[in-house]
Amino acid sequence: MKAIAVSPAKVILFGEHFVVSGNSAISMTIDLPTTVTVEPLKGDEIQIRSEDLDLEAAFSPTGQILQGAGPNAESTLRPIFEVADFTLKKLNQLGLGLKIAVKSRVPIGMGLGSSAATAVATVSALTTLLGWPLSREEVFDAAYSLEKMVHGHPSGVDQATVTYGGLISYRSGKVEATLQVTKPPLLIIGNTGKRRSTGEFVGRVTRLRETEPKVYGRIASEAQEISDRAFDALRNGPPETLGPLMNENQRLLESVGVSSPDLEKLIAAARSAGALGAKLTGGGGGGCMIAAVGKTTHAGVSRAIQEAGGQVLPSEFVTHGVQTALHED
Ligand code: MEV
């Protein structure tokens, strides 16, 4: 018997960072799957394998590393142990042996929700295997609680997006609205390849909010206005208005210090090649940017991002959140 959960990845279209202090963010799920398979194992070890990174580690029920294979196996795989441990504790099942395999197409630490996707898929697969399948709300609550333990002050937007799926507006721990769009915006994702920690950049914005509350307040209310206008444009059109709103959002993100020269190079390349608008997505400081494009500019913008040193990633919209199934074998 094994349970398999597949989570999509996410991109934030508007409102990252400002969502941490109570603004709305607009985000959507994309077709870059993370698959987590959980099987019972004799004994009490939790064995974790990342197929893409070719890493393995075994942990005792108290979290001691028993065995690790591959560079940084323990530090890379420990967050997955923490998710399993948290879930087992919640279900009063501590001491159960498990074999967990993770396979993901999401680049780690690039702003596309790799840690949320892994956490959400692990919680879903494990609870399903143990006969306690959770509602989406419960999966979100568990993944969000875990993220709070890791990052201190996350908004939960990543966990909500990959749990519920689709194009959503998220605010203060809740999905405000799911947009039933027939034609999602056409996007290109460009990856700078520079890995960074979201927590560090969230901390930077928190410090600005604490030391310069008036300045931050003005920027945040402008960001909220942009998210509101973007929501309206996504629901009622015209889609072309999204591009300039993205550019405005990028300007605000730059003003709070979460952009980077690498991101700005890709953003400038996309705009010069005819993108309707472009901005960083997620935590910033590196990671990924997004560009809104029309059908005729798609290929040119994609090429320009690559020529500027970026890697173009698939960005196909998917409407579903995490999906889980039990397999008898
Ligand atoms: C990260 O994808 C989004 C941030 O707004 C952090 C958060 O919301 O917790 C930067």
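The values are calculated or read from the model by the stated rules, or taken from the named source; none is laboratory data. Every value quoted in this text rests on a predicted model; they were computed, and no experiment measured them. FYI the Cβ positions are ideal-geometry reconstructions off the backbone, even for glycines, and counts take in every protein chain you see. Ligands, DNA and RNA are stripped out before the accessible areas are found, and what is left, the full protein with its side chains, is counted by its heavy atoms. Shrake-Rupley method; radii C 1.70, N 1.55, O 1.52, S 1.80 Å.
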The condition from (1) in contact with a Leu (Cβ under 9 Å, 6 or more places away or on another chain); (2) part of a helix (DSSP H, G or I); (3) under 30 Å from S259 (Cα atoms); (4) more than 16 Å from the ligand (Cβ to nearest atom) that F86 misses is numbered (3)
For region 135-163, pairs from a residue that is free of Cβ contacts under 8 Å to residues at least 12 places away in the same chain to a residue that is open to solvent by less than 30 Å² (accessible area, probe 1.4 Å) and near the ligand (Cβ under 10 Å from one of its atoms), with Cβ under 7 Å and 6 or more apart or across chains, are K148/P154
Taking first residues from region 18-37 that are within 12 Å of the ligand (Cβ to nearest atom) and second residues anywhere that are open to solvent by 10 Å² or more (accessible area, probe 1.4 Å) and among the basic types (K, R), the pairs with Cβ under 9 Å that are 6 or more apart or on different chains are V19/R171; V20/R209; S21/R209; G22/R171; N23/R171; S24/R171; A25/R171
Would you call G109 among the small types (G, A, S), at pLDDT below 95 and not in a helix (DSSP H, G or I)? yes
Note on region 110-153: residues in contact with a helix residue (DSSP H, G or I) (Cβ under 8 Å, 6 or more places away or on another chain) and over 14 Å from V322 (Cα atoms) are G111, Y144, S145, L146, E147, M149, V150, H151, G152, H153
In the set T206, T211, the lone residue that is away from the ligand (no atom under 11 Å from the Cβ) and either more than 15 Å from the chain's Cα centre (by Cα) or within 30 Å of G294 (Cβ to Cβ) (or both) is T211
### Query
Hey, any hits in region 75-92 for a residue that's open to solvent by less than 70 Å² (accessible area, probe 1.4 Å), over 24 Å from P8 (Cβ atoms) and in contact with a Ser or Thr (Cβ under 8 Å, 6 or more places away or on another chain)?
yes
Taking region 93-119 and keeping residues without any contact (Cβ under 8 Å) to a residue 60 or more places away in the chain and open to solvent by 50 Å² or more (accessible area, probe 1.4 Å) leaves Q93, L94, L96, S115
Only unsatisfied item for R207, checking (1) over 30 Å from A233 (Cα atoms); (2) modelled with pLDDT of 95 or more; (3) in contact with a Leu (Cβ under 9 Å, 6 or more places away or on another chain); (4) surrounded by fewer than 24 Cβ atoms within 10 Å (Cβ to Cβ), is (3)
